[in-house]
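Encoded as structure tokens, the structure appears first; notes follow it.
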Amino acid sequence: MSQGWSPEPVEESVGYMLKKAATALRSAMDSALRPLDLTVSQYACLEVLRQRPGLTGSELARAVFVSRQSMNLVLKGLERRGLLTRPAAPAHGKALPTELTPAGREQLAAANEVVGAVERRMLSALTPAAERRLCADLTACVDALGEPDEDEEDQSVPKAS
């Protein structure tokens, strides 16, 4: 019986090294953002809103790679701290478009400084050409796999019969 594909050693597996890099980046970002009283998800939410103001909670959840429920908690916490604003009632439908406040933009500027330092440290061993190549190669990997929709994400967890 075939055991299937198994790279040897695991440190030479691209998937393993991607996960290891993502974990190291997340840990470094967590440490850098902690003094600003921000999590990585909160930071990502603020940055996405800076670039695309007016997004709804569902749109933000997709952009930040968290569930709608998690994003709702992130939004409520940031709103309580005065870093973003959402209307009390939707203009139409159920969506509440979200925007940064001046305090949110100020907090984001400080966060961008520390996150930028983390990214510069991570990429310090790469030349600018190698950095561009890495970004292009990772984009090609994402494109090859495609973006899973919500139904595909749900199917990744086996269901009991």
Whole-angstrom gap from the range 7-37 to the range 93-142, using each part's C-alpha centre:
15 Å
Sticking with the crude label model, points 7 Å out along Cα→Cβ, report the distance from Met122 to Ser67 in nm, one decimal please.
2.5 nm
Please rank Val10, Val118, fewest neighbouring Cβ atoms within 10 Å first, as an exposure proxy.
Val10, Val118
Taking the mean number of other Cβ atoms within 10 Å as a proxy for protection, how do you rank 120-129, 30-39 from highest to lowest?
30-39, 120-129
With +1 at each Lys and Arg Cβ and -1 at each Asp and Glu Cβ, the charge dipole magnitude of the range 10-126 around its Cα centre, to the nearest 20 debye, comes out at 300 debye
The range 98-140 - charge dipole about Cα centre, Lys and Arg +1 at Cβ, Asp and Glu -1, debye rounded to 20:
180 debye
For Cα pairs less than 8 Å apart in space and 6+ apart in sequence, what is the mean separation divided by the residue count of the range 10-126, i.e. the relative contact order in percent?
29 percent
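None of the figures in this text is laboratory data; all of them are computed from the coordinates on show. All of these numbers come straight from a predicted model, not from anything done at the bench. All Cβ positions, even for glycine, are placed from backbone atoms using ideal geometry, and neighbour counts span all protein chains on display.
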